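The values are calculated or read from the model by the stated rules, or taken from the named source; none is laboratory data. Just so it is clear, the model here is predicted, and its values are computed rather than measured. Positions of Cβ are generated from backbone atoms using ideal geometry, with glycine treated the same way; all protein chains shown enter the neighbour counts.
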Amino acid sequence: MKNKWWREAVVYQLYPRSFMDTNGDGIGDLPGVLARLDYLQWLGITVIWLCPIFRSPNDDNGYDISDYQAIMDEFGTMADFDRLMAETRRRGMRIILDLVVNHTSDEHPWFVESRSARDNSKRDWYVWRDGKEGHPPNNWESIFRGPAWQYDAATGQYFLHLFTARQPDLNWENPDVRSAICDMVRWWMDKGVDGFRIDAITHMKKAPGLPDVPGAPPHRPVPAYDFHMNVDGVLDYVDQMARDAFDHGDIMTVGEANGISAHQAETWVGDTRGRLSMILQFEHWHLWSGNPRAGLDVRRLKTILSRWQRELDGRGWNALYLENHDLPRVVSRWGDSQHHRSASATALAAMYFLMQGTPFIYQGQELGMANTVFHSLADFDDVFAKHRIAEMRASGMDEAAIFDEMALTARDNSRTPMPWDDSHNAGFSTGRPWLPLNPDYPEVNVAQQQRDPHSVLNFYRSMIALRAAEPALVHGHYTLLLRDNPQIYAYTRVLGDDGFVVICNLSARPARYRHAGFTLRRADCILANMKVASHDDLMSFALSEYEVRVYRISPQGSDNLN
């Protein structure tokens, strides 16, 4: 495969609203990001992904954009962004932006024009339809619950919104829309931006004719993913963005790709396809979202991630991640935040981070941050949480049961302000933070963990440095070991004469590691989250709860492992 700079990158996803506030309004801002660049450089980050910084009324915390070429007032100015980009580049790092182009805000000038009259020149820039006998045009449900259509009394038609009613979907069938989006992307590229994460990219194409989901009760909104997710023709839109924008620079492009299977991945990110650098797939975290109260099924996780490794090996590239702004904290989902926070955080970290692909770290993940504490349903700020609460109340669900579900699943868990130290407001702001801090910040914060050589933070820093120093941990082939073991996730990475074995006990119980084909020497253990016993020439050994070991190995013999 061609050697691209983004294959060797480590990406830090940064939620600007919660990262660092410099003006005391309780909301993170671009000068705050600038103030913390030295921290990211110290950690070893090479790419910063900024969640949306564009002008927005904040119905969905910036994922509802009212001006693609202006900065949200709360975050600062375009001059602040230019300074941030220059200082980031001076430190040897790059910036990618969150590109939200499936929809805009209802305050975007395009939509304001579109809804002004049926004969407006921008009417067809969005998806407008007549209703059916006083009901929406079809029975599609919004991804954020409720009907996917909003009635506009002024023009007597409905517009489509797959997310909130304030996020009308753009009509990608219209060539003028596609051209305007590509022009905007080129504008940011001309400013020096190094790439984009493309939000909801698989939803841009809708099924021809916008048909009803069959078999559903009349006029009742039902999930309609088959009609607006990965519909045939969506790759034509990706091809145009690549041809008219992305290909005009050496940039990194990351698609948020719900509904894409490992078998389909090569068509999106194949090295010969010329489309995207990588995609953020959803399959592994659906293990959790399908049953949030179930523990981690290690065997199923191995099956899923190994399939992605296998399908793209030598043909494309993976994006590796466990956390983002849409998910509760992974230590609370798949680890043990009560009894083994540090160990489980580092075990999960090594498991995903050292595979073939570009690793992504979501802010606070490097501290082992856990879910926060809520006190009432009024504490939930996220728009999806509010919709879900309303839906559960309408169904007659008990308030206590609603609270229990939301505390476990709400996106607010990952959006609490970054804890920099144990001072007032965790060093995040001198004012009242827009979202309450996680109450464990006096113990879990950057300053405390920087001082502790055995912290989660310093484990991440060591892991980042190890990957940067060892090409086999970037480009090496992945081979799964112990496929049927219910506790241990182990695999090798081999490139030429260099090889490594990564061994992670992902359970809260001790485990026994056994292998055949070669021995492991204590002197060759190059990364661990616990002290390794002084035994040489090991064919098998005990692992403590959530223990991680990474050994350098000779590739000879690795083919004999199974």
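Of all residues assigned to region 386-398, none qualifies as being surrounded by fewer than 18 Cβ atoms within 10 Å (Cβ to Cβ) and within 26 Å of ASP336 (Cβ to Cβ). The single condition among (1) out of contact with any helix residue (DSSP H, G or I) (no Cβ under 9 Å at 6 or more places or on another chain); (2) in contact (Cβ under 8 Å) with a residue 24 or more places away in the chain; (3) surrounded by fewer than 22 Cβ atoms within 10 Å (Cβ to Cβ); (4) part of a helix (DSSP H, G or I) that ALA347 does not meet is (3). Do we find that LEU99 is buried (at least 23 other Cβ atoms within 10 Å of the Cβ), in the same structural domain as LEU37 (by TED's automatic domain parsing) and either farther than 29 Å from TYR225 by Cα or at pLDDT 95 or above (or both) in this structure? Spelling it out, LEU99 is indeed buried (at least 23 other Cβ atoms within 10 Å of the Cβ), in the same structural domain as LEU37 (by TED's automatic domain parsing) and either farther than 29 Å from TYR225 by Cα or at pLDDT 95 or above (or both). Filtering THR77, THR46, THR88 for residues that are among the β-branched types (Val, Ile, Thr) and surrounded by fewer than 18 Cβ atoms within 10 Å (Cβ to Cβ) leaves a single hit, THR77. Only a single item in (1) surrounded by fewer than 17 Cβ atoms within 10 Å (Cβ to Cβ); (2) within 15 Å of GLY26 (Cβ to Cβ); (3) not small (Gly, Ala, Ser) is not met by PRO439, and it is number (2).
Residues in region 350-369 that are more than 12 Å from PHE459 (Cα to Cα) and assigned to a loop (DSSP other than H, G, I, E, B): how many?
The qualifying residues number 7.
From the list LEU527, LEU520, LEU480, pick out the single residue that is touching a strand residue (DSSP E or B) at 6+ places or on another chain (Cβ under 7 Å), crowded, with 22+ Cβ neighbours inside 10 Å and not assigned by TED's automatic domain parsing to the domain that holds ILE45. After ruling out the rest, the residue left standing is LEU520.
Within region 257-299, the residues that satisfy the criterion of being outside any loop (DSSP other than H, G, I, E, B) and under 14 Å from MET351 (Cβ atoms) are LEU287, VAL298, ARG299.
Within the set PHE282, PHE196, the sole residue that is of a type in the set (Phe, Trp, Tyr), surrounded by 14 or more Cβ atoms within 10 Å (Cβ to Cβ) and closer than 15 Å to LEU99 by Cα turns out to be PHE196. Among the residues here, ALA242 qualifies as in a helix (DSSP H, G or I), assigned by TED's automatic domain parsing to the domain that holds ALA9 and on the phi < 0 side of the Ramachandran plot. The residues listed here are ALA508, ALA490; of these, the one that is part of a loop (DSSP other than H, G, I, E, B), closer than 18 Å to LEU296 by Cα and touching a His at 6+ places or on another chain (Cβ under 9 Å) is ALA508.
Each row is one residue, and each column tells you yes or no for (1) hydrophobic (A, V, I, L, M, F, W, C); (2) part of a loop (DSSP other than H, G, I, E, B); (3) within 33 Å of the chain's Cα centre (by Cα).
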| position | (1), (2), (3) |
| --- | --- |
| ARG89 | no, no, yes |
| GLY92 | no, yes, yes |
| ILE95 | yes, no, yes |
| LEU99 | yes, no, yes |
| SER105 | no, yes, yes |
| TRP110 | yes, no, yes |
| ARG118 | no, yes, no |
| ILE143 | yes, yes, yes |
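Does ARG315 satisfy the condition of being basic (Lys, Arg) and not in a loop (DSSP other than H, G, I, E, B)? For ARG315, the condition - basic (Lys, Arg) and not in a loop (DSSP other than H, G, I, E, B) - is not met. So for region 372-379 (the condition being more than 30 Å from GLY316 (Cβ to Cβ), among the polar types (S, T, N, Q) and crowded, with 23+ Cβ neighbours inside 10 Å), does at least one residue qualify? There is at least one residue in region 372-379 that is more than 30 Å from GLY316 (Cβ to Cβ), among the polar types (S, T, N, Q) and crowded, with 23+ Cβ neighbours inside 10 Å.
When region 324-341 is limited to residues that are crowded, with 24+ Cβ neighbours inside 10 Å and not hydrophobic (A, V, I, L, M, F, W, C), the one that is nearest to the chain's Cα centre (by Cα) turns out to be ARG329.
On inspection, SER344 passes the criterion of being more than 19 Å from the chain's Cα centre (by Cα), polar (S, T, N, Q) and closer than 29 Å to PHE459 by Cβ. Residues in region 247-275 that are of a type outside the set (Val, Ile, Thr) and under 16 Å from the mean Cα position of the chain (by Cα) were compared, and the one that is surrounded by the fewest Cβ atoms within 10 Å (Cβ to Cβ) is GLY259.
Contact map, region 241-261: residues that are without any contact (Cβ under 8 Å) to a residue 12 or more places away in the chain paired with residues that are in a loop (DSSP other than H, G, I, E, B), Cβ distance under 9 Å, separation 6+ or inter-chain. Pairs shown: ARG243/GLY274. Of note, VAL474 does not satisfy the criterion of being buried (at least 23 other Cβ atoms within 10 Å of the Cβ) and within 22 Å of the chain's Cα centre (by Cα). Does LEU322 satisfy being touching a Lys or Arg at 6+ places or on another chain (Cβ under 9 Å), within 25 Å of ALA200 (Cβ to Cβ) and without any contact (Cβ under 8 Å) to a residue 60 or more places away in the chain? Criteria met by LEU322.
Within region 398-450, the residues that satisfy the criterion of being closer than 12 Å to PHE374 by Cβ and polar (S, T, N, Q) are THR409, ASN413, THR416, ASN438.
Among the residues of region 199-216, those identified as touching a residue at least 12 places away in the same chain (Cβ under 8 Å) and in a loop (DSSP other than H, G, I, E, B) are ALA200, MET204, LYS205, LYS206, ALA207, LEU210, PRO211, ASP212, VAL213, ALA216. Restricted to region 371-395, and to residues there that are of a type in the set (D, E, K, R) and touching a residue at least 12 places away in the same chain (Cβ under 8 Å), the residue that is farthest from LEU327 (Cα to Cα) is GLU391.
Only one entry of GLU113, GLU74, GLU87 meets the criterion of being of a type outside the set (A, V, I, L, M, F, W, C), in contact with a helix residue (DSSP H, G or I) (Cβ under 7 Å, 6 or more places away or on another chain) and more than 29 Å from TYR225 (Cβ to Cβ), and that entry is GLU87. Picking from residues in region 149-165 that are surrounded by 21 or more Cβ atoms within 10 Å (Cβ to Cβ) and of a type outside the set (Ser, Thr, Tyr), the one that is nearest to ALA117 (Cα to Cα) is PHE159.
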